[in-house]
Amino acid sequence: MKIMRYLLAAALVLSIVGCKRNNEIVKDYPELESLTNTTWWSYDNANDIYYDITYQTDNTGVMLGYREQGRLNEVVNRPFSYTFTPATANINAIVRIDFEDGQHYGGWLAPKGIYQINLQDVYLIQLYETDAEGEVIYNIDGTMKSTLQMWME
């Protein structure tokens with residue numbers, strides 16, 4: 001019984017030593033002051049479409065969709081206008097997209113370093129389908145009608 005206690009104590013000491021905590025390196029990324037001349041990526045899992053979303057200089061942009069990751073066969077071309085409000089002290093940056101076909105999205109931009117895609121820190125924009133006044137549209141069951149998520153390294 002005495003040997004069991006020694007073995008148990010040794011195992012406990014080794015497990016505590018083995019749990020030494022590594023200091024995490026916190027990276028500091030710049031806040032985005034503008035979306036101008038940036039390209040973001042998205043993927044529609046339900047329809048298997050890879051998207052490139054480009055924000056141009058004159059508050060317009062285009063969302064291009066492709067059937068394959070290599071972006072060879074364009075299947076979606078949706079021009080849009082957008083507004084961007086940079087982040088302030090305790091408020092995330094705000095993004096609004098109005099597609100030419102009449103669909104509207106609004107949401108926020110998360111700073112780089114909060115989310116990762118493929119183990120890479122990314123800026124992330126989360127948008128929700130809205131009506132023309134900016135109110136989120138819900139289905140009868142209470143779920144959001146449509147969301148759009150895009151990221152940029």
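Inspect all residues belonging to the stretch 57-77 and state whether any of them is in a strand (DSSP E or B), of a type in the set (S, T, N, Q) and closer than 16 Å to Q149 by Cα.
Checked the stretch 57-77: no residue is in a strand (DSSP E or B), of a type in the set (S, T, N, Q) and closer than 16 Å to Q149 by Cα.
Just to be sure I understand, how many residues within the stretch 42-68 are hydroxyl-bearing (S, T, Y), open to solvent by less than 70 Å² (accessible area, probe 1.4 Å) and closer than 20 Å to V95 by Cα?
So the count comes out to 5.
Please enumerate the residues belonging to the stretch 74-110 that are among the acidic types (D, E) and open to solvent by 70 Å² or more (accessible area, probe 1.4 Å).
Within the stretch 74-110, E74, E100, D101 meet the criteria.
Determine which single condition T143 fails, assuming it passes every other condition in (1) over 16 Å from W41 (Cα atoms); (2) among the hydroxyl-bearing types (S, T, Y); (3) surrounded by 12 or more Cβ atoms within 10 Å (Cβ to Cβ).
For T143, the exception is condition (3).
Name every residue in the stretch 129-140 that is small (G, A, S) and either within 16 Å of the chain's Cα centre (by Cα) or open to solvent by less than 50 Å² (accessible area, probe 1.4 Å) (or both), in order of residue number.
G134
Anything in the stretch 26-41 that is among the charged types (D, E, K, R) and either open to solvent by less than 40 Å² (accessible area, probe 1.4 Å) or more than 17 Å from G107 (Cα to Cα) (or both)? List them, or say none.
Result: K27, D28.
When you scan the stretch 112-128, how many residues do you find that are open to solvent by less than 80 Å² (accessible area, probe 1.4 Å) and either aliphatic (A, V, I, L, M) or closer than 13 Å to V95 by Cβ (or both)?
8
Could you pull out the residue among S81, S42 that is touching a residue at least 40 places away in the same chain (Cβ under 8 Å), assigned to a strand (DSSP E or B) and small (G, A, S)?
S42
Quick one: what pairs do we get from the stretch 47-66, first residue under 14 Å from T83 (Cα atoms), second open to solvent by less than 30 Å² (accessible area, probe 1.4 Å) and of a type in the set (S, T, N, Q), C-beta under 6 Å, 6+ apart or different chains?
Y55/T38
Among the residues of the stretch 29-48, are any over 17 Å from the mean Cα position of the chain (by Cα), of a type in the set (S, T, Y) and either under 26 Å from F99 (Cα atoms) or at pLDDT below 90 (or both)?
yes
The values are calculated or read from the model by the stated rules, or taken from the named source; none is laboratory data. Predicted, not measured: the structure shown is a model, and the values here were computed from it. Note: ideal-geometry Cβ built from the backbone for every residue, glycine included; neighbour counts use all protein chains shown. Keep in mind that these areas ignore ligands, DNA and RNA; they rest on the heavy atoms of the full protein, side chains included. Shrake-Rupley method; radii C 1.70, N 1.55, O 1.52, S 1.80 Å.
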